[in-house]
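Visitor: I'd like to ask you about the structure that follows.
The values are calculated or read from the model by the stated rules, or taken from the named source; none is laboratory data. Worth saying up front: this structure is predicted, and the values here are computed from it rather than measured. Using ideal geometry, Cβ is built from the backbone for each residue, glycine included, and neighbour counts are taken over all protein chains shown.
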Amino acid sequence: MKRDDASIEEQAARLSHRDRARLALRLIESLEPGQDEDVDELWLDEAEQRLRRYDQGATQARDAEDAVADIERQLK
């Protein structure tokens, strides 16, 4: 990694959760142009709500493999 890249990453890491999420979304959109911005904003809001509930102790983290397995069972 170049020095400039490391500096950009350090600056991005100091952003608030919401600003980092927006930056991440913009970077992803630059790779996949044409996404609906309304949907992106809804997903960002959902992610922030989930993070708040987690930070408040209202919900717990789950292993991704377990969560996917539960979803697959429900879809059968």
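Visitor: Please determine, by comparing only the residues of the range 1-30 that are basic (K, R) and either touching an Asp or Glu at 6+ places or on another chain (Cβ under 8 Å) or modelled with pLDDT under 80 (or both), which one is nearest to E48 (Cα to Cα). Break it down stepwise before answering.
Guide: The initial filter retains those residues of the range 1-30 that are basic (K, R), namely 2-3, 14, 18, 20, 22, 26.
With the extra rule that they be either touching an Asp or Glu at 6+ places or on another chain (Cβ under 8 Å) or modelled with pLDDT under 80 (or both), the set shrinks to 2-3, 18.
Numbers: K2: 31, R3: 31, R18: 7 Å.
Filtering the range 1-30 for residues that are basic (K, R) and either touching an Asp or Glu at 6+ places or on another chain (Cβ under 8 Å) or modelled with pLDDT under 80 (or both), the one nearest to E48 (Cα to Cα) comes out as R18.
Visitor: So, one more: I need every pair where a residue in the range 1-28 that is touching a residue at least 24 places away in the same chain (Cβ under 8 Å) has its Cβ under 7 Å from the Cβ of a residue that is in a helix (DSSP H, G or I) and small (G, A, S), sequence separation at least 6 or different chains.
Guide: The qualifying pairs are A21/A47.
Visitor: Being surrounded by fewer than 10 Cβ atoms within 10 Å (Cβ to Cβ) and modelled with pLDDT of 90 or more narrows it down to one residue among Q49, Q74; which is it?
Guide: Exactly one of Q49, Q74 is surrounded by fewer than 10 Cβ atoms within 10 Å (Cβ to Cβ) and modelled with pLDDT of 90 or more, namely Q74.
Visitor: With the structure loaded, tell me whether Q35 is more than 11 Å from the chain's Cα centre (by Cα) and either among the aromatic types (F, W, Y) or at pLDDT 90 or above (or both) or whether it fails that test.
Guide: no
Visitor: Moving on. Could you tell me how many of the residues in the range 38-75 are among the acidic types (D, E) and within 16 Å of R22 (Cα to Cα)?
Guide: Total meeting the criteria: 6.
Visitor: Can you list residue pairs whose Cβ atoms sit under 8 Å apart, with the first residue in the range 41-59 being within 24 Å of R26 (Cβ to Cβ) and the second being at pLDDT 90 or above and surrounded by 12 or more Cβ atoms within 10 Å (Cβ to Cβ)? Count only pairs 6 or more apart in sequence or on different chains.
Guide: Final answer for the pair search is R50/T59.
Visitor: Could you grab me the full set of residues in the range 51-66 that are part of a helix (DSSP H, G or I) and aliphatic (A, V, I, L, M)? Before the answer, list the steps.
Guide: Applying the first criterion (part of a helix (DSSP H, G or I)) to the range 51-66 yields 51-55, 64-66.
Across the range 51-66, the qualifying residues are L51, A64.
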